1. Take region 5-26 and flag every residue that is within 14 Å of GLN185 (Cα to Cα) and either without any contact (Cβ under 8 Å) to a residue 40 or more places away in the chain or aromatic (Phe, Trp, Tyr) (or both).
2. Looking at the structure I just gave you, is PRO219 in contact (Cβ under 8 Å) with a residue 40 or more places away in the chain, surrounded by fewer than 23 Cβ atoms within 10 Å (Cβ to Cβ) and either touching a strand residue (DSSP E or B) at 6+ places or on another chain (Cβ under 7 Å) or not in a helix (DSSP H, G or I) (or both)?
3. Looking at SER294, is it more than 14 Å from PHE324 (Cα to Cα) and hydroxyl-bearing (Ser, Thr, Tyr)?
4. Check every one of the helices (runs of 4 or more DSSP H) wholly within region 338-388 and list those with 2 or more residues that are under 20 Å from SER62 (Cα atoms) and among the β-branched types (Val, Ile, Thr).
5. Give the residues of region 51-79 that are farther than 30 Å from VAL360 by Cβ and in a helix (DSSP H, G or I), sorted by residue number.
6. Would you point out which residue out of SER121, SER115 is at pLDDT 85 or above and closer than 19 Å to THR20 by Cβ?
7. Consider region 271-286. How many of its residues are touching a residue at least 60 places away in the same chain (Cβ under 8 Å) and surrounded by fewer than 21 Cβ atoms within 10 Å (Cβ to Cβ)?
8. Would you pick out the residues in region 243-261 that are outside any loop (DSSP other than H, G, I, E, B) and in contact (Cβ under 8 Å) with a residue 60 or more places away in the chain?
Amino acid sequence: MIPKAFKSIHPMAWTIIVGTMFGRLVTSMSIPFLAIYLTGTLGVSSVQTGLIVAASSLAGVSISFYGGYISDRIGRKKVMLVSVFCWAAVFFGFAAASEIWMFFVVNVLNGLCRSVFEPASRALLSDTTPPERKLLVFNLRYAAINIGVVFGPILGLRLGSAQSTAPFAVAGVVYILYGLVLVAQFAAHRSVLQTAKNAAAPKIREAFAVTGRDRIFLPVLIGTTFCVMGYGHFSSTLAQYLTLTPRIANGRELFSYMLAMNAAVVLIVQYPVVKTVSRFRPVVPLILGCALVSVSLLLFGLAQGIAMFLVGVFIFTVGEVLMFTMMDVLIDRIAPEAWKGTYFGTIGFNNLGSVAAPVVGGLLLDRFALQSGFAVFAPLALITLCGLPFLLAAHRRLTHRERAEGAAAVQAAKNVL
């Protein structure tokens with residue numbers, strides 16, 4: 001029997017949720033193995049590999065604000081359809097690539113497409129969902145991501161993603177199908193979903209000014225940049241470390257199962273964690289998550305066997321859930337109604353952490369990977385913790401603002417009476 005809450009979710013929202021699941025399935029069977037393929041199969045150095053991996057995030061950072069802003073200006077439909085079909089072409093580009101520069105170029109395009117499509121899709125989820133259902137819908141999207149990631153790495157391992165680029169072609173086909181479904185859904189729900197161009201929509205300079213002056217959003221952005229940097233080491237630095245270190249046998253296979261375990265644990269703990277933390281202001285889970293990710297990185301550096309790596313994955317995953325289950329809810333709560341796309345796009349600047357992660361991790365790996373895991377991961381854990389002061393400041397300011405708004409509402413009610 002379908003729960004009543006699920007029945008109230010808009011069909012377009014379901015399209016995005018299900019499409020996200022299949023998109024992440026095929027992405028996670030290919031992209032996470034890119035660093036291993038470059039290092040282990042093509043013999044690319046850790047620093048070069050780090051730069052190639054970072055190129056996607058750097059490109060995403062440069063365009064994510066504009067992707068969200070443009071979706072506020074011209075509508076979600078145009079932005080999403082153009083970007084999803086371009087994204088499909090990018091995956092075919094990965095499949096055809098054979099030189100280092102080719103991987104760099106297509107990974108730049110990968111970051112551009114992702115950072116245009118995702119803010120618009122998250123803003124559309126907000127547009128089509130009533131306030132009382134937003135926590136449910138954003139967490140269904142997050143669950144869909146992790147359902148895909150449970151099976152993607154294992155499928156990628158079976159398809160030989162660490163030795164071949166052929167699985168990228170499969171991803172391209174899936175994104176074409178996703179785009180075609182979006183075309184059909186936009187046509188079917190045109191009257192409800194058409195986001196009219198706002199004639200009074202502010203200029204791009206005003207958009208920067210609004211987000212830059214937001215005393216809650218700005219520390220959230222800076223703090224989550226450090227969180228994202230810590231999170232980014234899982235798929236970049238840790239993946240390469242397991243391949244390079246002589247202390248771990250079958251590092252590639254172990255990493256595949258660690259990815260699958262990460263996604264499975266998300267699905268297991270997400271509901272109880274969300275149920276628990278939803279009673280707090282949404283900055284609190286980010287603070288706890290940042291601390292746990294830092295602890296997990298330290299454990300990866302200390303690990304001498306599989307058991308400690310798996311404990312580290314569990315702690316990392318709980319931290320990930322705490323950070324990302326409430327992220328969209330927090331941004332939706334902070335953003336003014338007319339600026340949803342802009343705020344969802346601007347938070348993409350925290351992917352500067354993803355840019356820095358493989359580069360910093362690559363430098364440490366080149367220097368210490370064969371000698372000491374602790375020397376690689378301890379500095380990364382400390383850098384991740386640098387996000388805590390900013391998140392604590394955002395929490396204090398959000399608490400103050402909501403108390404002030406609550407007091408003003410009570411006073412207004414008294415005046416009416």
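1. TRP14
2. Taking the combined requirement at face value, the residue does not satisfy it.
3. It is true that SER294 is more than 14 Å from PHE324 (Cα to Cα) and hydroxyl-bearing (Ser, Thr, Tyr).
4. Filter on region 338-388 gives 340-346, 352-368.
5. ILE70, SER71, ASP72, ARG73, ILE74, ARG76, LYS77, LYS78, VAL79
6. Being at pLDDT 85 or above and closer than 19 Å to THR20 by Cβ holds for just one of SER121, SER115, which is SER121.
7. 3
8. Within region 243-261, THR243, LEU244, ARG252, GLU253, PHE255, SER256, TYR257, LEU259, ALA260 qualify.
The values are calculated or read from the model by the stated rules, or taken from the named source; none is laboratory data. Small disclaimer: the values here were computed from a predicted structure and weren't measured. With ideal geometry, Cβ positions are generated from the backbone for all residues, glycine too; neighbour counts draw on all protein chains shown.
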